[in-house]
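In what follows, a structure is listed as structure tokens, so that the remarks can point back to it.
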Amino acid sequence: MTERIVVIGAGPVGIRFAEELLPLVSEGRATVTVLGAETANPYNRVLLAELAVGEASADELTLATAAGLPGIDLRLGARAVRIDRGAQLVELADGSDVGYDRLVLATGARSIVPTLDGLDKLGPDGTGLDTRLTAGVCVLRDLADAEQVRAVVERGGRVVVLGAGVLGIELAMLLADAGAVPSVAHFGPMPMPRQLDRGSASILSTALASAGVTLVPHTRAEGVIGVEGDDGIRRFRALASSDGKRIEGDLLVLSCGVRARTELAEAAGLRIGNGVLVDSSLRSWSDPRIHAIGDCAHLADPAEHLHERQVPGGPHGLIGPGWRQASWLAATIAAELDGIGDAAEFTDEHPGVVVLKGELVDIASAGDVSADPFAPVPAGEGAPGIAVWADPEHGTYVKMATRDGILTGFVAVGMPRAAAELSVLYLRGSELPADRSLLLRLDDPDADVVAPAGRDATLCICNAVTVGQIEDAIDDGCGSVAAIGDCTRAGTGCGGCRARITELLHDRAEAVA
């Protein structure tokens with residue numbers, strides 16, 4: 001019997017899941033229908049900032065077309081509006097419906113739009129999923145937003161970014177490099193407070209200032225000041241804060257975090273936490289025929305948390321874990337169709353390593369790096385191991401936190417090779433070398449130091465591609481970042497590893513010269 005699989009969501013995670021099901025489709029063991037609310041071919045949303053400043057083309061963002069998914073029914077402009085669990089149907093906005101035996105939710109997340117005086121919500125956008133905002137205000141979540149940013153960048157305009165998280169800082173760096181004039185307003189005292197400690201944030205702030213990015217800390221945004229043009233349309237002119245500051249600009253980009261899209265699931269009666277609650281089989285707590293993956297999935301053990309009002313945890317918010325969920329679920333479905341009922345559980349890995357993309361500064365961070373190495377330790381508690389290297393003059397900083405020698409958190413600024421090794425050690429739950437300076441010496445071009453992980457080091461975290469796999473691809477004839485991406489998928493996620501891939505290409509070329 002052929003399994004009818006329906007996927008709601010044609011973003012990176014939904015498309016990766018469909019790609020992994022291609023063997024089942026070609027064998028006639030499953031039919032797969034992918035429903036995408038947008039009319040454009042599925043694209044990598046993670047790279048929208050690069051598209052907005054002209055560093056990437058629309059073709060580079062494209063994930064798939066109908067021709068690239070042979071046998072899969074890819075429906076664009078098909079917005080799901082209701083899940084009828086009893087009849088096992090997904091109803092669409094055009095009045096049609098699609099039947100399923102197994103439903104996979106890959107609905108992703110929506111940008112959080114803060115409540116600001118003067119910020120108008122003008123009705124549904126072209127997809128019917130989000131709300132159009134005051135002219136000159138966007139969230140950089142789709143292609144239309146990227147076009148709006150691009151128009152301002154091309155004339156060297158002023159862009160105000162509200163929010164100093166990873167995406168806000170990445171965008172500001174790209175804007176400055178493209179010739180725009182960016183300002184980043186944020187509530188706290190330092191940028192990227194979830195990933196950085198005081199030392200690393202200070203070095204990042206210095207680097208941003210030298211690149212032409214204005215940071216405006218301690219900003220409690222209260223309102224949007226607009227000006228009505230000759231066409232009668234009210235457009236953004238300035239962001240107003242509670243202390244009277246006015247940050248003027250031609251465009252306001254809201255980078256205030258995201259929230260899982262759970263409206264369809266909640267309306268269908270599925271249990272919701274910080275996403276659609278799924279167990280270790282990525283199945284909904286409420287319906288075994290429904291799965292959730294990616295930014296809409298909240299993985300938690302129902303045996304432990306079923307009766308809790310607030311379930312801890314939530315979606316990762318990173319593309320790598322979503323892709324791993326997609327691949328695991330596709331393999332599990334194939335095993336079930338083969339009659340193998342005891343498939344391994346999906347285990348939630350470490351929270352991912354966060355890599356700040358941009359040529360201005362290299363930053364990687366993971367785990368908790370807030371501990372002060374000189375803070376007093378309460379009686380009866382064990383002190384974490386903290387090692388810190390700081391060279392503000394040259395923009396480098398490394399902090400490593402351990403428990404019983406095992407790396408539990410790190411931040412590395414301006415030390416890309418040390419960051420790569422620390423990422424491997426962190427994701428493996430490994431011990432640090434007894435001589436911590438070994439890691440620091442990796443970034444000295446004159447030092448003859450072998451990286452502890454060597455060819456086994458994970459270079460592309462999103463797709464779990466190692467240095468060795470990329471070197472082998474180069475040896476097999478892949479002569480560009482794009483070719484390596486086609487061969488190994490490295491560099492096709494967040495794009496943060498592309499500079500390192502370029503470096504490997506250069507090193508291998510010199511080695512054979």
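Distance from the Cα centroid of the stretch 196-227 to that of the stretch 26-100 is 37 Å (rounded to whole angstrom). Considering only the chain, what is the antiparallel percent among its DSSP beta bridges, to the nearest 5? Looking only at bridges with both residues in the chain, the antiparallel portion is about 60 percent. Among the chymotrypsin sites (Phe, Trp or Tyr not before Pro) in the stretch 381-438, none is located in a DSSP loop while being surrounded by at most 14 other Cβ atoms within 10 Å of its own Cβ. The trypsin sites (Lys or Arg not before Pro) of the stretch 1-72 that DSSP puts in a loop, and whose beta carbon has at most 16 other beta carbons within 10 Å, are ARG29.
Note on LEU74, LEU143: ascending count of other Cβ atoms within 10 Å places them as LEU143, LEU74, the fewest first.
Of all aspartates and glutamates in the structure, the ones whose alpha carbon falls short of 12 Å from that of LYS245, not counting any fewer than 8 places away in one chain, are GLU222. Here the chain is treated with +1 on each Lys and Arg Cβ and -1 on each Asp and Glu Cβ, and its dipole about the Cα centre works out to around 1240 debye.
Entry note, the chain: relative contact order of 12 percent, from Cα contacts under 8 Å with a spacing of 6+ residues. Here the convex hull built on the C-alpha positions of the stretch 453-513 has a volume of 67 cubic angstrom per residue. Taking amide H as placed 1.01 Å from N in the peptide plane, GLU3 has its amide H under 5 Å from the amide H of ALA30, THR31, each at least 5 places away in sequence or on another chain.
A dipole drawn for the chain from +1 and -1 charges on Cβ atoms has a positive end, and of VAL355, CYS494, GLY11 the residue lying farthest that way is GLY11. Dipole orientation for the chain: of the candidates THR127, LEU282, VAL227, VAL227 has the Cα lying most toward the positive pole (charges on Cβ; Lys, Arg +1; Asp, Glu -1).
Shape of the stretch 121-256 from its Cα gyration tensor (a ≥ b ≥ c, root eigenvalues): rounded if a/c is under 1.5, otherwise prolate when a/b > b/c, or oblate? Judged from the Cα gyration tensor, the stretch 121-256 comes out prolate (a/c at least 1.5, a/b above b/c).
Counting only DSSP beta bridges with both residues in the stretch 121-256, tell me the antiparallel percent, nearest 5. Walk me through the intermediate numbers first.
Values: 12 of 27 bridges.
Beta bridges within the stretch 121-256, antiparallel portion: roughly 45 percent.
Here the relative contact order of the stretch 362-451, from alpha carbon pairs under 8 Å that lie six or more residues apart, stands at 26 percent.
Quick one: what do you get for the stretch 110-180 if you divide its Cα Rg by 2.2 N^0.38 Å?
Values: Rg = 12.6 Å, N = 71, 2.2 N^0.38 = 11.1 Å.
Here the Cα radius of gyration is 1.13 times the empirical estimate.
Partners of LYS357 within straight-line reach, counting aspartates and glutamates whose Cα lies under 16 Å from its Cα and excluding those fewer than 8 residues away in the same chain: GLU50, GLU55, GLU170, ASP177, GLU503.
Arranged by the count of other C-beta atoms within 10 angstrom, fewest first, what order do MET1, MET400 take? Numbers along the way, then the final one.
Values: MET1 6, MET400 24.
Arranged by neighbour count, lowest to highest, MET1, MET400 become MET1, MET400.
When you count, for each residue, the other Cβ atoms within 10 Å and take the mean per peptide, how do 237-249, 358-370 rank with the highest first? Before the final figure, lay out each step's value.
Details: 237-249: 15.8, 358-370: 20.6.
So the peptides 237-249, 358-370, ranked by packing, come out 358-370, 237-249.
Taking the Cα centre of the stretch 453-513 as origin and assigning +1 to Lys and Arg Cβ atoms and -1 to Asp and Glu Cβ atoms, the resulting dipole is close to 240 debye.
Would you compute, from DSSP H runs of 4+ residues alone, the mean residue ellipticity of the chain at 222 nm, taking -39500 (n - 2.57) per run and dividing by the full residue count, rounded to the nearest 500?
On the way: 15 runs with 137 residues, N = 513.
Value at 222 nm, helices only, nearest 500: -7500 deg cm²/dmol.
Please report the relative contact order for the stretch 136-289, taking Cα pairs under 8 Å with a sequence separation of at least 6, and give it as a percent rounded to a whole number.
Values: 269 pairs, mean separation 36.3, N = 154.
Relative contact order, the stretch 136-289: 24 percent.
Computed over the stretch 68-170, the alpha-carbon pair-distance distribution with 5 angstrom bins reads 2, 8, 16, 18, 16, 12, 10, 9, 6, 2, 0, each value a whole percent.
Can you put PHE346, PHE236 in order of Cβ neighbours within 10 angstrom, beginning with the fewest? If you can, show how the numbers build up before the last one.
Working: PHE346 18, PHE236 23.
Arranged by neighbour count, lowest to highest, PHE346, PHE236 become PHE346, PHE236.
Read-outs throughout are calculated quantities, based only on the coordinates presented, and are distinct from any laboratory measurement. These numbers come from a predicted model, not from an experiment. No Cβ is skipped: glycine too gets one built from the backbone with ideal geometry, and neighbour counts run over all protein chains shown.
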